1. Counting only protein heavy atoms, what percent of the accessible surface of the chain is carbon or sulfur at a 1.4 Å probe?
2. Of THR250, LEU155, ASN269, which is farthest towards the positive pole of the chain's charge dipole, taken about the Cα centre with +1 and -1 on the beta-carbons of Lys, Arg and Asp, Glu respectively?
3. Could you pull out every one of the aspartates and glutamates with an alpha carbon less than 16 Å from that of LYS336, ignoring same-chain neighbours closer than 8 positions?
4. When the chain is fully extended, how far beyond the present Cα-Cα distance does ILE106 get from SER309, taking 0.36 nm per residue of separation?
5. Go ahead and estimate [θ] at 222 nm for the chain from helices alone: -39,500 (n - 2.57) per DSSP H run with n ≥ 4, summed, over the residue count, rounded to 500.
6. With a/c under 1.5 counting as rounded, go ahead and sort the stretch 226-339 into rounded, prolate or oblate using the C-alpha gyration tensor (a ≥ b ≥ c being the square roots of the eigenvalues; past the cut-off, prolate if a/b is larger than b/c, else oblate).
7. Only Lys, Arg, Asp and Glu count, each charged at its Cβ (+1, +1, -1, -1), so figure out the dipole size of the stretch 34-107 about its Cα centre, rounded to 20 debye.
8. Going Cα to Cα from LYS108, which lysines come in below 19 Å? Please leave out same-chain ones fewer than 8 positions away.
Amino acid sequence: MKRLFRVSFDILITSIVPIVSWFLLGIILDSHLINVFSLTYPLQCLMGMIIAIFGVGANICVYKDENKHAADNGIFYGTILSILIFSFIIFNSNKYIDFMNMENTIYKTFCVYSIFQIFCHTILQLIITKLYYKEENKKANKISIIFNSINFIALISTAIITRNQLITSLITGAIIFIMDIVLYIKNIEKVDFKLNIKNCFKYNSVSFSVSLMFFIMYLFGFSNAFEYGEKYMIAITFATLVTDMQWDITDAVKTVAKVDIAKKKFDYNEHFRNALKLYSLLILSVILMSLVAYPFYKPDLKIASIFISLHILDFMLGPFIEIKICFLQLEDSAFKMTLNMIVAYIIRTSISFAPTPFCTIIGQMCSTTYELICTKVNFRKYENKSNMLQKDLEKIEL
């Protein structure tokens with residue numbers, strides 16, 4: 001549980017800084033800036049896709065394929081791909097903002113900054129993922145705290161001093177880019193360019209597929225929902241702000257499970273109990289954050305309540321799904337689990353095109369229901385083996 005909380009803490013720091021930053025920027029510079037969080041939210045899924053293959057997948061290759069430089073090679077290739085992807089989006093930011101049904105004149109500057117910040121966080125997470133698999137969690141904690149603290153202080157202090165969006169973006173962007181370079185130099189040991197990309201995908205294809213589907217779903221879903229007007233835009237932004245950090249933290253459950261599965265130290269019951277504790281705390285934090293943030297955003301109470309309630313229900317189901325998926329991915333059939341997840345997120349993505357502002361949350365609950373049923377069915381044989389082993393142990397004790 002202690003290790004789970006350490007990983008969760010890293011994700012907490014990474015997630016909460018953007019949330020608080022956009023909230024304060026909305027107060028200091030322009031109240032509309034809070035919506036930048038939702039505007040670039042789909043692009044965080046691109047970061048998830050890159051980390052799934054070149055972060056987690058590459059680190060699993062270190063143990064599964066006995067490729068001791070796979071983690072460093074993954075960071076290198078992940079960086080190159082990140083540069084290509086995020087540069088393309090930045091150069092086409094006007095088209096992106098138009099597609100999301102927002103105003104270029106209001107959001108252009110900080111949209112570009114937000115995209116660049118996601119790029120820098122992608123590099124940070126590639127490095128921190130390597131440290132997780134080396135079990136250097138304290139070092140990962142330290143790096144995460146320092147990076148995000150400097151990012152936050154630079155952004156807010158520059159905004160207060162200059163009251164200028166462009167200057168604030170340029171200065172803060174330069175600072176976090178320099179930090180990335182320093183981390184790169186200090187944490188990359190050797191790059192020999194040898195990496196089995198096919199195996200990287202195989203070992204973490206579920207996470208990659210989920211991030212891909214999330215990208216498509218939020219890109220088109222938010223664009224669709226924002227067409228219904230500012231009332232729904234504010235409610236969706238509010239619900240996203242008070243749940244995004246918690247959804248990010250749930251990745252800690254998968255990260256710790258995959259580390260133990262890869263190292264043959266996995267105990268399902270222990271991981272399940274720890275997951276229940278973590279998810280319970282996350283639900284409480286969603287309720288608390290909603291109560292605290294509501295007076296500042298003042299979203300439509302009925303609309304916001306629908307989104308928040310369904311998010312909480314989804315959190316309640318999480319422990320019964322995620323750990324089983326991680327186990328089945330690595331120990332049963334990567335193809336079968338990837339296929340099941342693709343079907344789940346095709347359902348979710350398809351519903352995001354529905355002509356309703358609630359399209360994203362309805363799709364989310366439909367896919368969760370499908371995942372719950374599929375993982376229960378596929379994991380049944382392992383539960384039966386576990387129960388039989390437990391009975392044999394009880395007989396021996398008697």
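1. Percent of accessible area from carbon and sulfur atoms in the chain: 67.
2. ASN269
3. Excluding near neighbours in sequence, the set is GLU322, GLU371.
4. Residue separation times 0.36 nm, minus the Cα-Cα distance, leaves 69.9 nm.
5. Computed mean residue ellipticity for the chain: -28000 deg cm²/dmol.
6. Prolate, since a/c reaches 1.5 and a/b exceeds b/c.
7. 40
8. Correct list for LYS108: LYS95.
The values are calculated or read from the model by the stated rules, or taken from the named source; none is laboratory data. Given the structure is predicted, the values throughout are model-derived calculations rather than measurements. Glycine also receives a Cβ, built like all others from the backbone with ideal geometry; neighbour counts cover every protein chain displayed. Side chains included, ligands, DNA and RNA excluded: accessible areas come from the protein's heavy atoms. Shrake-Rupley method; radii C 1.70, N 1.55, O 1.52, S 1.80 Å.
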